[in-house]
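The values are calculated or read from the model by the stated rules, or taken from the named source; none is laboratory data. Bear in mind the structure is a predicted one, so any value in this text is a computation, not a measurement. Backbone-built Cβ (ideal geometry, glycine too); neighbour counts: all protein chains shown.
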Amino acid sequence: MVRRRRMVFSLLTACMLLATALVISFVNSSSAVETEPVEYVVTRGESLWTIAGQFVGNDTDIREFIYRMRRLNDLQSPTIHPGQVLLIPTR
């Protein structure tokens, strides 16, 4: 009986430690401070993909970054034009 209680206590402790680590990880990842977006003027031959490639870091999925760009600029399609001013999300 004592052995069983120790095992249950150990499992509960491990679960609590794991839950704490997950909460801390979530808070750290979601508390990244959004800063003011940067203005970017599109030049000939550029696409959202090439522009995103200039701003995205290794820790960010470029597709997610492009989604954020489209949402920030209210773009209904991925088509952009030279001279167009885009807001680039920053963190």
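Condition check ((1) out of contact with any Lys or Arg (no Cβ under 8 Å at 6 or more places or on another chain); (2) surrounded by 14 or more Cβ atoms within 10 Å (Cβ to Cβ)) across all residues:
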| position | (1), (2) |
| --- | --- |
| Thr35 | no, no |
| Arg44 | yes, no |
| Gly53 | yes, no |
| Arg70 | yes, yes |
| Gln84 | yes, yes |
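When you look at Tyr67, is it at pLDDT 80 or above, outside any loop (DSSP other than H, G, I, E, B), hydroxyl-bearing (Ser, Thr, Tyr) and in contact with a strand residue (DSSP E or B) (Cβ under 6 Å, 6 or more places away or on another chain), yes or no? Talk me through it step by step, then tell me what you get.
On the way: at pLDDT 80 or above: yes; outside any loop (DSSP other than H, G, I, E, B): yes; hydroxyl-bearing (Ser, Thr, Tyr): yes; in contact with a strand residue (DSSP E or B) (Cβ under 6 Å, 6 or more places away or on another chain): no.
No; evaluated as a whole, the condition is false for this residue.
Checking the structure you have, find out if any residue of the range 19-36 is touching a Ser or Thr at 6+ places or on another chain (Cβ under 9 Å) and at pLDDT 75 or above. Give the derivation first.
Going residue by residue through the range 19-36, those that are touching a Ser or Thr at 6+ places or on another chain (Cβ under 9 Å) are 34-36.
Adding the requirement that they be at pLDDT 75 or above leaves 35-36.
Yes, the range 19-36 has at least one match.
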